[in-house]
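Engineer: Next up is a structure, given as structure tokens.
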Amino acid sequence: TAHALLNAFKADKPAFGVWCMLPGAFSARLAAQSSPHLSWVVIDCEHGMTPLQPGAAESIQAIAGIGPSAPSPLVRIPATGATTGTGWQIKYALDAGARGVIVPMVGTAEKAKEVVADCRFPPVGRRGFGSPICPIIWGVDAMQYFNSANDSILVIVQIETPEGVANAEAIAAVSGIDVLFIGPYDLSLSLGYHPPSPDPHDEVEQVIKKLLKVAHSAGKKCGIFCTSGEQAAQRAAQGFDMINVSVDYQAMTNDLSNKLAIAAGQ
Ligand code: 3PY
């Protein structure tokens, strides 16, 4: 069934998102309800503090409770590289109602194919059909969910290693991959540069531009992680399709530190 991120992709509009690293359904719900400009929210179970089971499921429930205007909840799974044996993480996220998964550090087309297989019901993939939860939270019956899932669940793989950069064309060419998502922090570190501060090193920026072209030449969307509105607007102007704008804990720390500094007269 349709959802905000898929709708933005179909309309060719930049889709802005927020990264949820704080644990708990309350903060996920607050983040998801923060702005009409938000198309997606990711529950980060790789580096964030929310456990996949049952934390991601609880956060997805809270976001779905917003109703039809809810941004699409995505889950970044803990496993990097996605190999056979970690498919249960994707299964759990999707069965809980995630509209898509983000898989960190995918370096080869083979791994990208494994991710697609885990996300798609047969005959396309090998996802098992069993969860009563995912149709219920989106208000559809089981067969409606089954019939629309393969075309609406978004398969997002992160390119953030030299291997991923070298194999980017082959990864983008994998049928069923929807988005190449750039992690500028890990990409910078793995290429031997300092982390973005806030912009990446010039050499890393060249790689980022190349990955954007690779994704678009293959007819795929390209995403990137940013940490400010200004940076996100620049990435949208560059042609990125899926752009993270902020991280939940920043909202808390920025507000608290600003107000405390004002209170202390500094
Ligand atoms: C990165 O920049 O490395 C990411 O994966 C975003 O958190």
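Engineer: Output the residue which, of all residues in segment 33-45 that are among the aliphatic types (A, V, I, L, M) and surrounded by 23 or more Cβ atoms within 10 Å (Cβ to Cβ), is nearest to residue 68 (Cα to Cα).
Structural biologist: 41
Engineer: A further question follows. Please work out which residue is nearest to residue 104 (Cα to Cα), limiting yourself to segment 46-57 and to residues that are without any contact (Cβ under 8 Å) to a residue 40 or more places away in the chain and crowded, with 19+ Cβ neighbours inside 10 Å.
Structural biologist: 48
Engineer: Return the pairs, sorted by first residue and then second, in which the second residue is among the hydroxyl-bearing types (Ser, Thr, Tyr), the first residue lies in segment 203-217 and is in a helix (DSSP H, G or I), the beta carbons are less than 7 Å apart, and the residues are 6+ apart or on different chains.
Structural biologist: Correct list of pairs: 203/193; 204/188; 204/193.
Engineer: Would you mind finding the one in 253, 161 that is under 20 Å from residue 34 (Cα atoms) and modelled with pLDDT of 95 or more?
Structural biologist: Exactly one of 253, 161 is under 20 Å from residue 34 (Cα atoms) and modelled with pLDDT of 95 or more, namely 253.
Engineer: Identify, by number, the condition in (1) out of contact with any helix residue (DSSP H, G or I) (no Cβ under 6 Å at 6 or more places or on another chain); (2) more than 16 Å from the ligand (Cβ to nearest atom); (3) touching a residue at least 24 places away in the same chain (Cβ under 8 Å) that residue 39 doesn't meet.
Structural biologist: Answer for residue 39: the failing condition is (1).
Engineer: While we're looking at this one, here's another question. Among the candidates 91, 111, single out the residue that is outside any loop (DSSP other than H, G, I, E, B), within 22 Å of residue 59 (Cα to Cα) and charged (D, E, K, R).
Structural biologist: 91
Engineer: Let me ask something additional. Among the residues of segment 13-29, which ones are in contact (Cβ under 8 Å) with a residue 40 or more places away in the chain and either surrounded by fewer than 16 Cβ atoms within 10 Å (Cβ to Cβ) or part of a loop (DSSP other than H, G, I, E, B) (or both)?
Structural biologist: 14, 21, 22 - these are the residues of segment 13-29 that are in contact (Cβ under 8 Å) with a residue 40 or more places away in the chain and either surrounded by fewer than 16 Cβ atoms within 10 Å (Cβ to Cβ) or part of a loop (DSSP other than H, G, I, E, B) (or both).
Engineer: Determine whether residue 213 is surrounded by fewer than 22 Cβ atoms within 10 Å (Cβ to Cβ) and over 17 Å from the mean Cα position of the chain (by Cα).
Structural biologist: When the stated conditions are applied, residue 213 passes them.
Residues are listed down the side, and each one gets a yes or a no for (1) assigned to a loop (DSSP other than H, G, I, E, B); (2) within 16 Å of the ligand (Cβ to nearest atom):
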residue	(1), (2)
130	yes, no
136	no, no
139	yes, no
148	no, no
156	no, yes
177	yes, no
187	no, yes
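Residue-wise test of (1) of a type outside the set (Lys, Arg); (2) away from the ligand (no atom under 14 Å from the Cβ); (3) under 14 Å from the mean Cα position of the chain (by Cα).
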{"position": "171", "(1), (2), (3)": "yes, yes, no"}
{"position": "182", "(1), (2), (3)": "yes, no, yes"}
{"position": "204", "(1), (2), (3)": "yes, no, no"}
{"position": "225", "(1), (2), (3)": "yes, no, yes"}
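The values are calculated or read from the model by the stated rules, or taken from the named source; none is laboratory data. What you see is a predicted model; the values in this text were computed from it and never measured. Here Cβ is always computed from backbone atoms with ideal geometry, including for glycine, and neighbour counts include all displayed protein chains.
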